[in-house]
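Since the structure comes first, as structure tokens, the remarks are kept for the end.
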Amino acid sequence: MQFLATISSLPFYILATISIICALGMILNPNLVRAGFTLIGSFIGIAGLYFLLNANFVAVSQVLIYAVGIVLVIVFAVMLCSLKEEAHNIKESVFSSKARVTFAVLISSLVFAVLSFVIRSQDWQAIAKLTGAERQSSLVQLVDDKYLSQIGFLMLNKYILPFELVSVLLLIVLVGTILLSKKDIK
Amino acid sequence: MDWNLVSKILLPEFIILGAVLITILLSLIDKTKKYTGLVATFALFLAALVAAISTQGEEVTKILNSAFISDSLSRYLRVLIYGIAALIALAATKYIEKFESPAEYFPIFLTATLGAGFLAGVNDFLTLFIGLETLGLSAILLVSYSRKLQKSNESAIKYLLTAAVATGILLFAISLLYGITASTNFAQVASRIVQLESISLLSVPLKILISALLVGAIAFKLAAAPFHNWTPDVYYGAPTSSTLFLSVISKIAGFAVAIRVFGTVFHNEFLLPMLSIIAVLSIIVGNYVGIIQIISRGSVKKLLAYSSIAQSGYLLVALACLRLESVGSLLLYITIYAIMNTCAFACVIYFEQETGSDSVFDFAGWIQKKPMLTIIFSIALFNLAGLPFVPAGFIAKFFLFSTSFSSGLIYAPYLVIIALIGSVIALFYYLYLAKLMIVDEPSFALKQLETVEVVAVTEGTSKCGYSYDPARLTAMLSVGVLIIVSIFGMDYLQGVSEMAIYKIGV
């Protein structure tokens, strides 16, 4: 199976390591601006994984939207906020920081263990054989030249209702964001 | 694609969408900021009316590449959602005036209702996800509306974070389902799962994981224990009209999704025990903490939040039985619950407008100030408790428990017994609140109110620009509907709710 061959190759491990290390750096770095920039590395690593799996459009979107757009917004927001005054008001948690770290590690390794166990327990190749024909017809062809136009066609045809609903959602989120962030008029 | 059919079926949604745009524009023009609420109320009422009288839903129709299904269930739920939302919008009209920029409340409110309406007829996992997001994100904005208050901001951030986790859980379930079925469409997913099950190709851990993730994500929307921890804080901190929205519309939408997904798409032997556990936990936690809340004289909003967790538990008992009869009585009960809860919260909104408080203690002796509203509030509380004073609540609860009892599920009787014990415990705090209002001496807040009123009258200023208070009107309207239904329409409503479930389409 092509997928399994891809995720056991050397480039996969390199990219996965990059994104994991950057993600760890983002969490452990006390400086918020630096943490934000480390996040870019993590996102680019994930974008590389998408390229590896032939999902070019998703990879480009990942770079454009997450690595550039969202991280920039986060960094600007951090730089514009004056966190020093607020920091004193934050109450200390009832748990010690050591207990919190232990708890977090425990929970995330539990999630990882459960997910990997469940995914390994399923015979995916049998399912792939069964649904293979449908995947070919319903999904876009990966190496096709008309890859992008197919995505556009699906968005405006098969998935028109979710697509239009997203536009309503974005409109109202814009209204709400302005409402929440605007200065008080006095 | 037949656009005539689409516009005919989605006409209520188009009306609401139009109202969203109109209210946004109106908030720019209208300087007094009074009419957006009335426009929203009118549009929602119109949408409910259109959905009710149109002939759609008599046969199963799928539109827009089966992204939306029009059947009896979606019609019933849409009428319910839009009708109740109209009442809530009316109750909020005056209440939200005390916040800055009150006019933008209603576009957000209408969008949230639109998301809930699409969830009623959801037939594709992508629509399900976007609909839940439309409902959820707008609800977060509604919760954070009184941004000057710290408790509102706190509850909004809590709701945002927990909702994000719930969304992640749901997405993971959807992606696993897509992985095994190569489709997001409900009908295709359902038939593919049946096919895979028949040759026993699905591994047991995978089935358990998908069920658990789906149940968890939906239970978050239903505020069912153990996914309820956000509920009390969010309900307490949010503006009361937003609390009402969360406790009614969000819950109806959650049950709409639950009925569709668990009833028609994804069903296996692990699902019902999970739902039963959640039902039992919700009943226990909701009632236990409700009692503590009334003993410690906490907030009425928190009390109603815990009671709504317990009510979710009763409804989940019927869902866990998953028979046509029990789900039919679930629809009947959720209808009555929505009306009762709207009525109770409308009274709380009115009380808050008058006194600015929502603590249990301040409600003492309200009957000496507003006898009519106190009686209405008491009727709503009696009905939530399941007392046959105005029999609607009692009858609905009776059907809920009796159909669950005889559903044939092995442990259904035990579930019903737990639910019965829970509702007896709940009697205590509902009746205690009613007793406090009717028997006790007026509280300090109410006495203070009197002097304020005297000053206002002597100065000759009118406090209220409306000829009749909207929240009070909502309370009277909903109790009126409750009384009329319980006298004349219980048989009819039961018939309609049973028909709604029999003609469900996949």
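The values are calculated or read from the model by the stated rules, or taken from the named source; none is laboratory data. What you see is a predicted model, and the numbers here were worked out from it, not measured in a lab. Using ideal geometry, Cβ is built from the backbone for each residue, glycine included, and neighbour counts are taken over all protein chains shown. Side chains are part of the model used for accessible areas, which takes the heavy atoms of the whole protein and leaves out ligands, DNA and RNA. Shrake-Rupley method; radii C 1.70, N 1.55, O 1.52, S 1.80 Å.
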Subset of segment B:104-134 [surrounded by fewer than 23 Cβ atoms within 10 Å (Cβ to Cβ) and of a type in the set (A, V, I, L, M)]: B:Leu126
Has segment B:113-123 got at least one residue that is over 14 Å from the mean Cα position of the chain (by Cα) and at positive phi? no
Out of the residues in segment B:401-422 meeting the condition of being crowded, with 21+ Cβ neighbours inside 10 Å and of a type outside the set (A, V, I, L, M), tell me which one is modelled with the lowest pLDDT. B:Ser407
Subset of segment B:252-289 (residues that are in a helix (DSSP H, G or I), under 21 Å from B:Gly408 (Cβ atoms) and over 21 Å from the mean Cα position of the chain (by Cα)): B:Thr264, B:Leu271, B:Leu272, B:Pro273, B:Met274, B:Ile277
Run A:Gly152 past the list (1) in contact with a helix residue (DSSP H, G or I) (Cβ under 9 Å, 6 or more places away or on another chain); (2) at pLDDT 80 or above; (3) open to solvent by less than 90 Å² (accessible area, probe 1.4 Å) and report the number of the one that doesn't hold. (1)
Matching residues, segment A:29-45, being at pLDDT 85 or above and open to solvent by 50 Å² or more (accessible area, probe 1.4 Å): A:Ile44
So B:Ser307, is it out of contact with any strand residue (DSSP E or B) (no Cβ under 8 Å at 6 or more places or on another chain), small (Gly, Ala, Ser), in contact (Cβ under 8 Å) with a residue 40 or more places away in the chain and in a loop (DSSP other than H, G, I, E, B): no
Between a first residue in segment B:167-185 that is closer than 18 Å to A:Ala126 by Cα and open to solvent by 20 Å² or more (accessible area, probe 1.4 Å) and a second residue that is in a helix (DSSP H, G or I) and among the polar types (S, T, N, Q), which pairs have beta carbons less than 6 Å apart while being 6 or more apart in sequence or on different chains? none
Here are some conditions: (1) modelled with pLDDT under 85; (2) more than 27 Å from B:Ile96 (Cα to Cα); (3) open to solvent by 30 Å² or more (accessible area, probe 1.4 Å). B:Lys369 meets all but one. Which one does it not meet? (2)
Boolean, B:Leu381 is assigned to a helix (DSSP H, G or I) and open to solvent by less than 40 Å² (accessible area, probe 1.4 Å): yes
Could you go through segment B:59-81 and let me know if any residue there is open to solvent by 10 Å² or more (accessible area, probe 1.4 Å), assigned to a helix (DSSP H, G or I), closer than 17 Å to B:Leu244 by Cα and touching a helix residue (DSSP H, G or I) at 6+ places or on another chain (Cβ under 8 Å). yes
Report yes if B:Asp358 is open to solvent by 10 Å² or more (accessible area, probe 1.4 Å) and under 21 Å from the mean Cα position of the chain (by Cα), otherwise no. yes
